[in-house]
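The values are calculated or read from the model by the stated rules, or taken from the named source; none is laboratory data. If you're wondering where the values come from, they're calculated on a predicted model, not measured in any experiment. All Cβ positions, glycine included, derive from the backbone under ideal geometry; neighbour counts span all protein chains shown. Surface areas here come from the heavy atoms of the whole protein model, side chains and all, with no ligands, DNA or RNA. Shrake-Rupley method; radii C 1.70, N 1.55, O 1.52, S 1.80 Å.
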Amino acid sequence: MKKLAPFVALAILAVACAAGAGSSGPIVLGAVYPTAGGQGPGGIDEYRGVQLAAEYINARGGVLGRQVQLRLQPADSSDQAARAVNAFKGTDVPLIFGSYGSTISKPTSEASVALGKVFWETGAVGLLDPNVRRSDLVFRFPPSGGSLGTAAVKFSNDLLLPKLHHAPANTKFGVVYVNDDYGQAVAAGMIDEIKALHLPLAGTFPYQLLTVKYPDLVRRIKAAGVQDLLVVAYLDDGVALRKEMVKQKVPLVASIGTSSSYCMPGFGKMLDEAAVGLYASDKPDGDVLNPDRLSPDAAAALIWARMTFKQRYHEPMTAAALTGFSGAYALLTYVLPKAPSLNPAAISAAARAADVPMGSLPNGSGLQFAPHGSVNAGDNVRAASVIWEWVKEYTHAVVWPPQFATSQIKVLPIL
């Protein structure tokens, strides 16, 4: 598991830089991320990305001449989120970054709204409370869970199944998902798109993470005759489910997972050849994105970020780190400088007015939020996502969309 110490040191550095920021003082922003437990590694990477964005902007003069200072309050599970947010009660912190995990993001957003502070989601994709949607204080930079699910079905229908010589209209789809905020959000996008395209839905298979019995779950999937399996899982359950699918020799034509399992390097390491031929709908990684497809400013930021990340942490920039970097970069570059003040209402108005084209941010995204009153209010409708394919043992590549692809679709058979 990654250690917290390296980015604690960076936080101290940020404070030191902010202390000499001039008469107007630093801009102090909060952050709530998991730093331990099952979501700790991803939360640490995402917060590292946020820190790198603050460092990058500070080195270039800050926001309108003011340095950015971050204050982290760890929340390693959903029941710690409100406590972490309430640590900012009575402070002049107008905005809180978060939260990597969907189960942490939901209570963090609710607690932030209750304090009257802006919540700026950099990574999580799960469902939010309807009251939060109506608040005008919650903004989600990454693609929503629903959009990731929709992309998985569209890719399967438009490209993958035809290349496998299977007519989508004659292919039985199944959706298996962890039954929580994250799983429900992505699965809803999948199911809605299957229905919109009038594709055969053989069944939906929700499961409880702590009580699931994989042999029974897989027997149900097999009995339903599922041919194209869409999976919404975390790493350990995604791997366990896949191993049981192979053990029971379920005759799948194709299978696409999502952001918290099928796309992760650990998924390939734990499954070896059993991962080959599987796909994932997710956010792009920092080490594969082609800077030539970005605006000059975004390309320069991406090159600096992944070089710095590799030097500092001795590994390629992950998807979590890139979305943290890009989400914070978007706020510090295109929103805060245009806010007439740093109170939450002014920041919210500046965010809602943002109109940044695709490719203008380091992860290939643009910035435009769905308007107040819409079902996806506060979601970034110009968020970038990709489809990955496991092309051989331990190796996955981006195969869609074309502007981000690093490999052509291999269309490999799955076990």
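Against the definition (assigned to a loop (DSSP other than H, G, I, E, B) and either modelled with pLDDT of 95 or more or out of contact with any Ser or Thr (no Cβ under 8 Å at 6 or more places or on another chain) (or both)), how does F97 come out, yes or no? Write out each step before concluding.
Numbers: assigned to a loop (DSSP other than H, G, I, E, B): no; either modelled with pLDDT of 95 or more or out of contact with any Ser or Thr (no Cβ under 8 Å at 6 or more places or on another chain) (or both): yes.
Considered against the rule, which asks whether it is assigned to a loop (DSSP other than H, G, I, E, B) and either modelled with pLDDT of 95 or more or out of contact with any Ser or Thr (no Cβ under 8 Å at 6 or more places or on another chain) (or both), F97 comes out as no.
So S77 clears everything in (1) under 14 Å from T333 (Cα atoms); (2) out of contact with any strand residue (DSSP E or B) (no Cβ under 6 Å at 6 or more places or on another chain); (3) small (G, A, S) except one condition, right? Which one?
Unmet condition: (1).
What are the residue pairs meeting all of these: first residue in the stretch 26-53, first residue more than 21 Å from L361 (Cβ to Cβ) and open to solvent by less than 10 Å² (accessible area, probe 1.4 Å), second residue of a type in the set (K, R) and not in a helix (DSSP H, G or I), Cβ atoms under 6 Å, and 6 or more apart or on different chains?
Here the result reads G30/R71; I44/K2, each pair linking the stretch 26-53 to a residue that is of a type in the set (K, R) and not in a helix (DSSP H, G or I).
When you scan the stretch 144-243 for strands (runs of 3 or more DSSP E) that lie fully inside it, which ones turn up with 1 or more residues that are touching a strand residue (DSSP E or B) at 6+ places or on another chain (Cβ under 6 Å) and charged (D, E, K, R)?
228-232
Give the stretch 110-131 a look and list any residue that's modelled with pLDDT under 95 and either open to solvent by less than 10 Å² (accessible area, probe 1.4 Å) or outside any helix (DSSP H, G or I) (or both), or say none.
G123, A124, V125, G126, L127, L128, D129 - these are the residues of the stretch 110-131 that are modelled with pLDDT under 95 and either open to solvent by less than 10 Å² (accessible area, probe 1.4 Å) or outside any helix (DSSP H, G or I) (or both).
Mind listing just one residue for me: the one in the stretch 128-149 that is in contact (Cβ under 8 Å) with a residue 40 or more places away in the chain and farther than 17 Å from S102 by Cβ and, of those, nearest to the chain's Cα centre (by Cα)?
Of everything passing the filter in the stretch 128-149, L137 is nearest to the chain's Cα centre (by Cα).
Quick one: which of V356, V375, V399 is crowded, with 23+ Cβ neighbours inside 10 Å and among the aliphatic types (A, V, I, L, M)?
Of V356, V375, V399, the one residue that is crowded, with 23+ Cβ neighbours inside 10 Å and among the aliphatic types (A, V, I, L, M) is V399.
Restricting attention to the stretch 165-187, report how many residues are out of contact with any Phe, Trp or Tyr (no Cβ under 9 Å at 6 or more places or on another chain) and surrounded by fewer than 19 Cβ atoms within 10 Å (Cβ to Cβ).
6
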